[in-house]
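The values are calculated or read from the model by the stated rules, or taken from the named source; none is laboratory data. The shown structure was predicted, so the numbers you read here are calculated from the model rather than taken from an experiment. Quick reminder, even Gly has a Cβ in these numbers, built from the backbone with ideal geometry, and neighbours come from all protein chains shown.
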Amino acid sequence: MAEFLTIGEPLVVLASQDKDMSLDEASHFEKFLAGAEMNVAVGISRLEHEATYLSKVGADPFGDFIIEAAGKVGIDVSHLKKDSKYLTGFYLKELVGSGDPAVAYFRKNSAAANFEVAELEDVDLTGVKLAHLSGIFPTLSGKTLETFKLFNARLNEAKILTVFDPNLRPVLWKSREKMIAVTNELARGSQIILPGINEGEILMGSREPEKIADFYLNQSDLTHTVVVKLGADGAFVKVKNAKSFIVPAFKVKEVVDTVGAGDGFAVGLESALLEEWPLEDAVNRACAVGALAVQSQGDSDGYPTKEKLIEFFNSDERFGHCY
């Protein structure tokens, strides 16, 4: 098994090429590989780390595209299976001049939503150093929630570093109350938590980064680090029984597409942790990949290779040679 592992719902995104036109008006779309956990796997692979992705797709053209595209960027797709009983999920995304684009999902009862516990039986965790977990996969169905919990427990038993990104998708939940309760419950199972400041306000009622961090540090003996994503203001970091600190964001010339920025942040952090970087440097890399992500269309198209990341750091006077 690769050193990095994630489980999720792979998607195809049909991204509008008609700027500032609603999805019903737009007529030109481009196809991209998507899905939050897949975005992270793509970014990890681009930074020269082995990544395995667990899930399944439909036996349809979108499923074929996902497997082929993921394999082309170096992701281990041996555990990305086809299921002829269900279809592959996809979504449409606006192209906007500013702000967050509107999206329309077509993913109900997808192949990934029918991923079951029994399909984990042949997964060998030997060699895995870090697992990326997202709050999206367990929302898809009762099956995926059960699978997520068992998978998380197996990771903890194997003493593998677990990173949890809440990645709230209210449209996938039956109620706001259930979303909050289940997401916070799932967060207890990971060592590092990556809430955005807006997610923190929803999940525990405050926009104060330190209060958000303290909430997750105090609710679980397992959680030792919380990194609160502050968008254009960078990130707030707190380690249990240690002093907190802020890592500033990078200036961006033009924001093209904000979708995938949070996943890019996870890519930067987790790739650096795999390389055993100090935490503050790892969060610097997280901010850098997030900044690069918003400057490209496509959920993961802006994620850099190691050479591009070095070039980006070298162009910033704060960091010089640091990458």
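Does Ala113 satisfy being small (Gly, Ala, Ser) and surrounded by fewer than 15 Cβ atoms within 10 Å (Cβ to Cβ)?
On the way: small (Gly, Ala, Ser): yes; surrounded by fewer than 15 Cβ atoms within 10 Å (Cβ to Cβ): no.
Taking the combined requirement at face value, the residue does not satisfy it.
Okay, residues lined up against (1) among the acidic types (Asp, Glu); (2) modelled with pLDDT of 95 or more; (3) under 15 Å from the mean Cα position of the chain (by Cα):
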| residue | (1), (2), (3) |
| --- | --- |
| Glu121 | yes, no, no |
| Phe137 | no, yes, yes |
| Leu140 | no, yes, no |
| Ile160 | no, yes, no |
| Asp165 | yes, yes, yes |
| Arg176 | no, yes, no |
| Ala187 | no, yes, yes |
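In region 125-184, what count of residues is obtained for those that are touching a residue at least 60 places away in the same chain (Cβ under 8 Å), of a type in the set (Phe, Trp, Tyr) and closer than 25 Å to Glu276 by Cα?
Final tally of qualifying residues: 1.
Could you pull out every one of the strands (runs of 3 or more DSSP E) wholly within region 185-260 that has 2 or more residues that are more than 28 Å from Leu145 (Cα to Cα)?
Values: elements: 225-229, 235-239, 245-247.
In region 185-260, 235-239, 245-247 are the strands (runs of 3 or more DSSP E) which contain 2 or more residues that are more than 28 Å from Leu145 (Cα to Cα).
For region 84-92, state whether one or more residues are crowded, with 19+ Cβ neighbours inside 10 Å, under 20 Å from Ala41 (Cβ atoms) and of a type in the set (A, V, I, L, M).
So far as region 84-92 goes, no, none of its residues is crowded, with 19+ Cβ neighbours inside 10 Å, under 20 Å from Ala41 (Cβ atoms) and of a type in the set (A, V, I, L, M).
What residue, among those in region 154-177 that are of a type in the set (A, V, I, L, M) and under 18 Å from Thr52 (Cα atoms), is surrounded by the fewest Cβ atoms within 10 Å (Cβ to Cβ)? Before you say what the answer is, go through the steps one by one.
Within region 154-177, the first condition is being of a type in the set (A, V, I, L, M), and the residues that meet it are 155, 158, 160-161, 163, 168, 171-172.
Now narrow it down to the ones that are under 18 Å from Thr52 (Cα atoms): 155, 158, 160-161, 163.
On the way: Leu155: 22, Ala158: 11, Ile160: 17, Leu161: 16, Val163: 22.
Out of the qualifying residues, it is Ala158.
Which of the residues that make up region 1-58 are among the hydroxyl-bearing types (Ser, Thr, Tyr) and under 13 Å from the mean Cα position of the chain (by Cα)? Don't jump to the end; show me each part of the working.
Narrowing region 1-58 to residues among the hydroxyl-bearing types (Ser, Thr, Tyr): 6, 16, 22, 27, 45, 52-53, 55.
Scanning region 1-58 gives Thr6, Tyr53.
Please go through region 19-44 and pick out each residue that is in contact (Cβ under 8 Å) with a residue 24 or more places away in the chain, surrounded by fewer than 24 Cβ atoms within 10 Å (Cβ to Cβ) and over 21 Å from Ser98 (Cβ atoms).
Of everything in region 19-44, just one residue is in contact (Cβ under 8 Å) with a residue 24 or more places away in the chain, surrounded by fewer than 24 Cβ atoms within 10 Å (Cβ to Cβ) and over 21 Å from Ser98 (Cβ atoms), namely Lys31.
Among the residues of region 23-39, which ones are of a type in the set (S, T, N, Q) and at pLDDT 95 or above?
Once the filter is applied, which keeps residues that are of a type in the set (S, T, N, Q) and at pLDDT 95 or above, region 23-39 yields only Ser27.
Out of the residues in region 41-83 that are touching a Gly at 6+ places or on another chain (Cβ under 7 Å) and not aliphatic (A, V, I, L, M), which is nearest to Val117 (Cα to Cα)? Please lay out each step first, then the result.
Of all residues in region 41-83, those touching a Gly at 6+ places or on another chain (Cβ under 7 Å) come to 43, 45, 55, 57, 77, 82-83.
Cutting the leftovers down to not aliphatic (A, V, I, L, M) gives us 43, 45, 55, 82-83.
Numbers: Gly43: 27, Ser45: 26, Ser55: 11, Lys82: 16, Asp83: 15 Å.
Filtering region 41-83 for residues that are touching a Gly at 6+ places or on another chain (Cβ under 7 Å) and not aliphatic (A, V, I, L, M), the one nearest to Val117 (Cα to Cα) comes out as Ser55.
Report, ordered by the first and then the second residue, all pairs with beta carbons closer than 7 Å, sequence separation of six or more or different chains, a first member in region 233-249 that is under 14 Å from Ile212 (Cα atoms) and without any contact (Cβ under 8 Å) to a residue 60 or more places away in the chain, and a second member that is in a strand (DSSP E or B) and of a type in the set (D, E, K, R).
Cβ pairs passing all conditions: Ala235/Lys229; Ser244/Lys238.
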